[in-house]
Amino acid sequence: MKCTKCGAEQEADVKFCTQCGAPMEQDNQTPEHNGPDPAKEEPAAEAEAVKEEPATGTETVNEEEPAAGTEAVMEEQTAGTEAVKEEAPAAEAETVKEEGPAPTAVTIPEEPQPNKKFIKVLVAVIAIAAVIAVAALAYVKMTTKDPKQVVIDAFENVFPEGQVYPSEELFGLKDFAETVRTADSQGGLTLKMDSCSDEMVNAYAGSGLRFEAKDDKTNGKSFFNMGVIYSGMDLANLDVYYGDDTLMLAIPELSGKVFTVDLGEGLADRIKNSPTVGPLLEQNGVDVEGMAAYFTELMDEAEKAQAEGRQPFDMEALLNRYKEGYKAQENFKAALTVEKAAKGTYTMDGAQVSCNGYDVTVSKDSMIEFLRQSSDFFLQDETLKADFMRQLETTVKMSELMGGTMSGTGTMSAEEMQQQSYEEAKEMVDQMIEYLDKGLTDVNMTVYVDKKGRLAAVEGSTYLHVDDTDDSEQGYVAVTFSCQLQGGAYLTQNALASITLEDATDTVSIDMVKQGTYDKSVLTSDLSLDLTVPDDETYNFTYTSTYDSKDGSYHLSGEVGGNGSQLVKISATGAVDQLEKGKSVHVNIDSLETSVMDDSVNVVLSGEYYYQPLEGEISPLEGEALDVLSATQEDWTSVGMEMLFGVMGLGSQLGISMY
């Protein structure tokens with residue numbers, strides 16, 4: 001066999017190479033597996049003895065030191081062994097054995113090699129875990145909102161956009177508003193007195209009023225009726241019609257005439273040439289021609305605005321301009337100081353929830369600056385100025401055409417009046433802000449926000465400086481306030497609020513409780529306000545309502561009281577027996593009761609209300625037409641006599657003698 005290290009030929013039973021001393025590999029199993037081989041045991045022992053005998057130039061091998069890492073030491077030992085074999089005769093070896101026992105043979109274990117593949121996988125796993133940890137930390141940092149933004153969002157979302165309230169879900173109020181503005185429709189209200197605690201008034205039980213209106217926007221026609229009801233029957237009616245530039249008016253129970261006015265082209269000439277109206281207006285200094293022309297202009301402008309969907313003094317549009325184009329709100333938010341505070345537990349949606357707390361400081365300077373910037377916007381808004389100017393121009397123009405001037409304005413133009421009005425308004429606002437600047441102090445409050453980002457509660461305090469003295473006992477009023485929004489169908493459906501003002505001697509407090517429920521069928525709402533003033537005087541206001549969509553039944557009640565007495569109470573019961581959300585509704589008013597001073601005076605009414613799409617066409621009033629502008633003095637005398645006899649007839653129906 002050959003040595004695997006130097007390649008020298010060796011005998012079959014040689015354990016070490018005779019040339020280089022390297023261990024020889026054996027094909028047979030080791031003794032540990034097959035047991036000791038008697039034929040080889042003696043040479044092996046001799047070789048071990050020779051191997052372990054100290055020799056010049058050899059190093060002692062530590063038993064604990066791994067053999068795999070000491071190849072150089074093994075080579076030196078092998079070389080030393082070979083030297084001993086060559087130089088020492090067998091006799092000397094025998095002598096050495098007799099002088100002392102041979103040292104125990106040391107078996108050097110092979111050092112285990114690390115699994116490189118496992119190490120690579122482990123390193124990769126550790127690297128991935130580190131990346132994930134860093135990414136998670138970065139994500140948490142990026143997604144964690146600034147405390148100030150949390151507070152701002154909570155306040156802004158008290159009335160969130162897109163919130164569908166129960167009243168909207170049940171009735172479609174927004175659609176009704178749009179229908180009234182754009183659709184052809186009709187509606188009416190009837191109220192009759194059922195009883196009264198006063199006997200004289202109770203004699204007219206069954207009497208009341210009826211109102212009805214029709215609007216045909218498609219054809220530019222409209223109709224209005226007001227009827228007086230007596231003993232359940234119509235006593236008299238006032239009918240008004242407008243269409244095709246013609247205005248018509250009639251009171252059928254008093255006269256058979258239909259009074260008409262043509263408002264179309266040539267109105268100024270018709271007024272000027274009127275045998276009765278023209279001279280009467282001129283005698284009172286009225287510019288007939290100018291008034292007619294201006295009236296026509298106003299009618300045209302109104303029709304154009306209606307067609308374009310514009311309306312004067314559009315408050316919603318004004319507020320949108322304020323939010324979108326002005327920085328007062330942003331500056332106010334930036335001035336807030338917000339820090340994290342201790343958590344609190346509050347009731348939200350019927351359950352106790354843990355809420356994060358934030359200490360918020362609203363500085364007096366930021367409040368004053370907010371008021372100044374906001375007032376500047378409303379005083380400088382061009383659209384608002386234009387609307388106000390048109391209103392002034394109309395008023396001034398009509399006053400001039402009627403031959404007079406507005407009280408206190410002399411001969412001022414509309415532009416001068418607007419300038420004066422704005423200067424007066426600015427002066428008043430400046431005075432108010434100056435007063436607040438002296439009286440306000442910083443507001444400190446703690447805001448609690450739930451895990452959904454909703455405002456749960458606010459608790460705060462401030463002081464109002466109400467006197468020129470610096471004495472905190474007399475010159476300041478301590479103000480404390482709190483509010484809890486307890487949610488429900490919407491955040492403010494259930495709420496508690498209170499505010500207390502206290503000086504050195506007196507205390508004033510206001511407490512509010514709002515409760516409500518909604519289960520997609522029954523809607524309830526209750527509100528109470530209690531006012532406590534010095535000398536233990538108390539006043540309260542309560543409101544309660546219930547509506548059941550299954551049968552349409554409803555109950556409404558409002559009451560004002562003071563010091564244990566009922567001042568005024570109004571309540572209503574009935575049913576909504578027809579409803580198409582956003583399009584039509586019919587409400588029966590079974591009882592509308594009003595009582596005053598602990599029910600010392602009591603009146604009970606009943607009736608109905610309806611609104612629906614227009615049915616049929618709106619037609620001109622029927623009867624003998626009398627052109628108001630062309631009627632003569634004789635015509636008016638005849639009409640006067642006719643109406644006098646009509647009034648006498650109505651009086652007889654009421655049991656009132658006209659003689």
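The values are calculated or read from the model by the stated rules, or taken from the named source; none is laboratory data. Quick caveat, the model's predicted, so the values are computed rather than measured. Heads up, the Cβs are rebuilt from the backbone with ideal geometry, glycines too, and the neighbour counts pull from every protein chain shown. Each accessible area value is taken on the protein alone, full model and side chains, heavy atoms only, with ligands, DNA and RNA left out. Shrake-Rupley method; radii C 1.70, N 1.55, O 1.52, S 1.80 Å.
Please get the size of the charge dipole for segment 224-303, origin at its Cα centre, with Cβ charges of +1 on Lys and Arg and -1 on Asp and Glu, quoted in debye to the nearest 20.
460 debye
With a cut-off of 8 Å between alpha carbons and a minimum separation of six or more residues, what is the relative contact order of segment 538-625 in percent?
It rounds to 20 percent for segment 538-625.
On average, how much accessible surface per residue is there in segment 237-365, in Å², for a 1.4 Å probe, leaving out ligands, DNA and RNA?
Result: 58 Å² per residue.
Taking all protein chains as present, what is the carbon and sulfur share of the accessible area of segment 452-531, in % to the nearest whole number, probe 1.4 Å?
Answer for segment 452-531: carbon and sulfur cover 52 percent of the accessible area.
I want to check the label-to-label distance for D198 and S619. Put each point 7 Å from Cα in the C-beta direction and report it in nm to one decimal.
Computed distance between label sites D198 and S619 equals 4.2 nm.
Just to check I understand the Karplus step: with θ = phi - 60° and J = 6.51 cos²θ - 1.76 cosθ + 1.60, what whole-Hz values come out for segment 330-340, glycine and proline as x?
5, 5, 5, 5, 5, 7, 5, 10, 10, 9, 5
Please report the net charge: other residues with Cβ closer than 9 Å to the Cβ of G357, K and R +1, D and E -1.
Charge balance near G357 sits at +1.
How much FRET efficiency would the formula 1/(1 + (r/R0)^6) give for T246 and E393, where r is the Cβ-Cβ distance and R0 is 22 Å, rounded to 0.05?
0.20
Please give the net charge around D430, taking every other residue with its beta carbon less than 12 angstrom from that of D430, where Lys and Arg add +1 and Asp and Glu add -1. Write out the running numbers ahead of the final one.
Values: positive: R372, K426; negative: D376, E423, E424, E427, E434, D437.
With Lys, Arg at +1 and Asp, Glu at -1, the neighbours total -4.
List every residue whose amide H lies under 5 Å from the amide H of L263, counting only residues 5 or more places away in sequence or on a different chain, with H placed 1.01 Å from N in the peptide plane.
When sequence neighbours closer than 5 places are left aside, the close amide H contacts are T246, L247.
Could you list which residues have their amide H under 5 Å from that of A456, counting only those 5 or more apart in sequence or on another chain, with H placed in the peptide plane?
Counting only residues 5 or more places away or on other chains, the set is Y448, V449, D450.
Short version: ³J(HN,Hα) in whole Hz for each residue of segment 243-258, in order, from phi by Karplus 6.51 cos²θ - 1.76 cosθ + 1.60 (θ = phi - 60°), x for Gly and Pro, what are they?
Per-residue couplings from phi come out as x, 6, 6, 10, 9, 10, 9, 8, 10, x, 6, 9, 7, x, 7, 10 Hz.
Leaving out ligands and nucleic acids, note down the accessible area per residue over segment 451-582 with a 1.4 angstrom probe, in whole Å².
Here the per-residue accessible area is 55 Å².
Starting at the first residue of segment 448-461, write each ³J(HN,Hα) from the Karplus equation 6.51 cos²θ - 1.76 cosθ + 1.60 with θ = phi - 60°, in whole Hz, x for Gly and Pro.
Calculated HN-Hα couplings, in order: 10, 10, 7, 5, 8, x, 8, 6, 9, 7, 9, 10, x, 7 Hz.
Carbon and sulfur together cover what percent of the accessible area of segment 161-314 at a 1.4 Å probe radius? Don't skip to the end; give the middle numbers.
Working: 4790 of 8570 Å².
Roughly 56 percent, rounded to a whole number.
Send over a whole-number figure in Å² for the accessible area per residue of segment 601-656, probe 1.4 Å.
60 Å²
Which entries of K148/K452; K192/K569; K451/K514; K452/K581; K174/K327; K304/K385 show an alpha-carbon separation above 27 angstrom in the structure shown?
Numbers: K148/K452 16 Å; K192/K569 19 Å; K451/K514 23 Å; K452/K581 32 Å; K174/K327 30 Å; K304/K385 20 Å.
With Cα atoms farther than 27 Å apart: K452/K581; K174/K327.
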